[in-house]
Amino acid sequence: MVERRLEQTIFASRWLMAPFYLGLIVALVMLLIKFVQELLHFVPNVFSAKDTEVILAVLTLIDLSLAGNLLLMVIFSGYENFVSKIDVGDHQDRPDWMGKVDFSGLKIKLIASIVAISGIHLLKSFMNISSANKEELFWLLVVHMTFVVSGLLLALMDWVVEKAHHVK
């Protein structure tokens, strides 16, 4: 009786994660606001802007979009993996990956998104290389390569674990 009640309480505690995902939805709205702000800031100046300024503005929008995609993946797969299945039936817009991304897959998608965002940030810095601080550029490159190596190591660890499961 006590054990059963304890296990039910532990199982129900997964709902404590739901407010985290609601908070991430608020963060997604914040990214949308920043995206629209950047768009409205740049569109009126597009005809007088240099090519590099247009590319930098587009890279900023892509950066925000990737961060939004990352948040959405974490919200969907985190909620489905740790709280409850999202029941939308056979809705035609249901993403194919929804319900199929486990924690390991989420981890890889997360680091891949971080590498892409870091790469775009680095590219933006290189686009302004004439005015860039060389020491700051060096550290951006070091951080980016750290993300790349971390991603490779995470993928390698997942591969080793997968191979170990097939041996058993």
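The values are calculated or read from the model by the stated rules, or taken from the named source; none is laboratory data. Since we're looking at a predicted model, the values are computed, not measured. We place every Cβ from the backbone using ideal geometry, glycine too, and count neighbours over all the protein chains shown.
At-a-glance table
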item: Some residue of the stretch 113-133 being of a type in the set (D, E, K, R), more than 15 Å from the chain's Cα centre (by Cα) and more than 14 Å from L59 (Cα to Cα); result: no
item: Residues of the stretch 133-168 that turn out to be at pLDDT below 85 and small (G, A, S), as a count; result: 1
item: Residue in the stretch 59-79 that is acidic (D, E) and assigned by TED's automatic domain parsing to the domain that holds I10 present; result: yes
item: Residue selected from the stretch 35-53 under the condition touching a residue at least 12 places away in the same chain (Cβ under 8 Å) and surrounded by fewer than 15 Cβ atoms within 10 Å (Cβ to Cβ), by the criterion nearest to the chain's Cα centre (by Cα); result: L39
item: Single residue of I86, I108 found to be assigned to a loop (DSSP other than H, G, I, E, B), free of Cβ contacts under 8 Å to residues at least 60 places away in the same chain and out of contact with any Lys or Arg (no Cβ under 6 Å at 6 or more places or on another chain); result: I86
item: Residues satisfying the stated conditions in the stretch 45-78, i.e. assigned to a loop (DSSP other than H, G, I, E, B) and among the charged types (D, E, K, R); result: K50
item: Residue match in the stretch 33-54 (condition: aromatic (F, W, Y) and in contact with a Leu (Cβ under 8 Å, 6 or more places away or on another chain)); result: yes
item: Of all residues making up the stretch 89-127, the number that are of a type in the set (F, W, Y), at pLDDT 80 or above and closer than 20 Å to L153 by Cβ; result: 0
item: Residue satisfying all of: in the stretch 85-132; within 30 Å of I10 (Cβ to Cβ) and in contact with a Ser or Thr (Cβ under 7 Å, 6 or more places away or on another chain); surrounded by the most Cβ atoms within 10 Å (Cβ to Cβ) among these; result: V101
item: L56 vs. criteria within 19 Å of L106 (Cβ to Cβ) and in contact with a helix residue (DSSP H, G or I) (Cβ under 7 Å, 6 or more places away or on another chain); result: no
item: Among (1) more than 28 Å from L16 (Cα to Cα); (2) modelled with pLDDT of 80 or more, the one test that S130 misses; result: (2)
item: Some residue of the stretch 67-84 being farther than 20 Å from G23 by Cβ and surrounded by fewer than 17 Cβ atoms within 10 Å (Cβ to Cβ); result: no
